[in-house]
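Structure first, then comments.
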Amino acid sequence: MQQYDIETLYNLAYKDRVTNYYNWNWMDEKLTDYRDEGIESYGFVHFDLKDFKMINEIYGHVVGNHVLTRISEKLQEQSWIYFGARCDNDNFAMMTKEMEKEEFLLKLQTLFAEITEMDIIPGYKIYYRCGAVLAKDATGIGSMAADPAKLAQSQGKKPNGTEIFFYTDEMKEREIRGKKLKNELPDAIKNGELLVYLQPKYDANSETLIGAEALVRWFYKHEQLMAPGMFIPYLERDGAIEKIDQFVLDRVCYKLDLWKKAGKKLYPVSVNLSRLHLNNPDLVEILCGIVDKYDISHELIEFELTESAAYDNKEYLLTVMHQLRGHGFKLSMDDFGTGYSSLSLLKDMPLNVLKIDKSFVDDIDTYSEEHKERLIIKDIIGMTKHMNVDSLAEGVETFEQKELLKEWGCQFIQGYYYSKPIPMDEYELLLG
Ligand code: C2E
Ligand code: CA
Ligand code: CA
C-alpha cells in the first residue's frame, strides 16, 4: 500500500485540488470549533459565480479553473477575511472579521467589484451572488452560520450584476412558511381548498364581455380565504407553483367544457404562467395535455407571462412562446411596465395582448393632461398599435379612468370598475 506523509494526508483532506485553497471540510471544522468554543464574533459569507456553467462551456475547464484560482488568491489577500474555502463547483465560503453591517457590505462590494475588474477572462465580466451573515445574528437558528448565509445567497435572482444579501429573520420565516405551504398543497388540492375565480374583461368601446382572467384562491382549511399574495410568493421558489398553474388551467378547461355542453357562449380565459414554470422542459406538452383532456379549442386559452420571465433566458423564452402560439394558444404580456422591459425583445415576441400594469392606470384621472404618467400610458397604447397587439388596461377602478383609456385607444379593460374576480358559477351568469 502506498504510504502518505502527514502533509499529503492533510492536503487531501482539507485542500481543494483545483485552487489549492481550503475546502469545505476544513471550513466546516472551523465552524464547528467556533461553535463548540462559543465564539460568535465573526462574519460568514457564502457566494457563487453567475453563469459559471456557461464559462466552462464556452471557455473550457482550464479557463474555468483559472478563474476559481484567481478568486481564491484574491480572497487570501484580504486581511479582514480570516479563512476562506472553495466548497464545491463555483461555491466559496469565508469567515471574516466581525464588523458593523455597513462596513461589512462596503468591504464585500469593494471586493467583488475588484474581482470583476480583474478581467480574469478578458472582455467577459464575471458577477457574483453573495449571502452574508454576522454569526451573532444567526444564533437561535443553529450556530452553524452557513445555512443562513446560503439562504441569503439564494435571494439573488438577477442574471447580471453582483448581488449581496444579508440574512434576515424574515428570510427564515418565509422559508419556513414556504415549506409548510408546499407540504400542505397536495392535500389542499385534494380537499378542494384551491378555488379558481374569474375576473371578467370588457371591450372598452362596446362595453361587452370579451373573456376573463383566472385567479387562484386558497380557502385554507376551509376557514380562511387567502389571496394569492399570501401563498404564491412563498411557493415560487421551489416549483410548487407549477402545480397551482396546472390546477387552475385544469379547472378552467373543466368549466369551459361544461359550458360548451350547456350551449353557452364561450369566451377566452387567460391563465397565469409562473416564471419558474417556463423552465420546465415539458411545459408545452403538459399544458396541451390538460387542455386536450377536455377537448377545449386552444384559442379559448390565453397564457399570461410576466416581463421578469422574459429576462432570464430570452432565446429559450421565445422558443417556448412560439411553440405555444404554434399550438394555437394566445399569449399576453402581464404587468407590462413593471419588469425589465426590453423593447427589442418585446418586438420579437409573438404576443396577442399587452396588459398594461395597474400602476400606470392608477390616478390617471387625477393628473393634468401633460402629466408624465399620462403621456407614458398613451405612448404604451400607441406602441401596441405599431406592434400589432391588443392593449388591455389592468386595475381600472373608475368611470373616468375607463373613459380616458378608451379615448386613447385602449381596447380592453379589466378592473373593479366592471367587476372584481368572482367565483366561476357567478361568472357563468354573465355568459349568454
Ligand atoms: P395579476 O396577474 O396582475 O392579477 C391581477 C390582480 O389584480 C388580481 O389580484 C386582481 O384581483 C387584482 N385586480 C384586478 N382589478 C383590480 C382593481 O381594479 N383594483 C385593484 N386594487 N386590484 C385589482 P389577485 O387575484 O390577488 O392576484 C394577485 C397576483 O397573484 C396576480 O396578479 C398573479 O400574479 C398571481 N396569481 C394569481 N393566480 C395565479 C395563478 O394561478 N398562477 C400564478 N402563477 N400566479 C397567479
Ligand atoms: Ca395576470
Ligand atoms: Ca397583471
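Each reported figure results from applying straightforward, stated rules to the coordinates on display, with no laboratory input. Here the structure is a predicted model, which is why all the values come from computation and not from measurement. So basically every Cβ, Gly included, is an ideal-geometry build from the backbone, and we count neighbours across all protein chains shown.
Here are some notes:
- For residue 348, neighbours were defined as the other residues whose beta-carbon sits under 13 Å from its Cβ, and their charges (Lys and Arg +1, Asp and Glu -1) total +2.
- The DSSP beta bridges internal to the chain are antiparallel in roughly 60% of cases.
- Within-14-Å neighbourhood charge of residue 262 [Cβ basis; K, R +1; D, E -1]: +2
- Gyration tensor (Cα) of region 286-432, equivalent ellipsoid semi-axes in angstrom: 27, 22, 12
- Span from the region 72-105 Cα centroid across to the region 252-328 one, whole angstrom: 46 Å
- Considering every alpha-carbon pair of region 364-432, the percent of pairs per 10 Å bin, from zero through the bin containing the longest distance, is 19, 44, 26, 11, 1.
- Relative contact order (%) - region 328-432, alpha-carbon pairs under 8 angstrom, separation at least six: 24 percent
- Relative contact order of the chain, pairs being alpha-carbon contacts under 8 Å that are 6 or more residues apart, as %: 11 percent
- Counting every other Cβ atom within 10 Å of each residue's Cβ, 198, 331 order from fewest to most as 331, 198.
- Scaled against 2.2 N^0.38 Å for its residue count N, the alpha carbon radius of gyration of the chain is 1.19.
- For region 159-232 versus region 405-419, the gap between their alpha-carbon centres in whole angstrom: 25 Å
- Using the Cβ-Cβ distance between residue 14 and residue 344 with R0 set to 45 Å, the FRET efficiency from 1/(1 + (r/R0)^6) comes to roughly 0.35.
- Distance histogram in 5 Å bins (all Cα pairs of region 20-178, percent per bin): 2, 9, 19, 23, 21, 14, 8, 4, 1, 0
- Of 77, 403, 236, the residue with the greatest mean-square motion in the GNM of the chain, using alpha carbon springs below 10 Å, is 77.
- Kirkwood Rh and Cα Rg combined as Rg/Rh, region 265-323: 0.99
- Links that overshoot a 25 Å alpha carbon limit, given the list 179/221; 190/264; 97/150: 190/264
- Within straight-line cross-link reach of residue 15, aspartates and glutamates at Cα separation under 12 Å, skipping those fewer than 8 residues along the same chain: 7, 88
- P(r) histogram, all alpha-carbon pairs of region 152-303 included - 5 Å bins from 0, percent: 2, 8, 15, 18, 17, 15, 11, 7, 4, 2, 1, 0
- Candidate aspartates and glutamates - alpha carbon under 14 Å from residue 420, same-chain residues fewer than 8 apart omitted: 213, 394, 397
- Checking every one of the trypsin sites (Lys or Arg not before Pro) in region 43-116 against DSSP loop status and a limit of 14 other Cβ atoms within 10 Å picks out no site at all.
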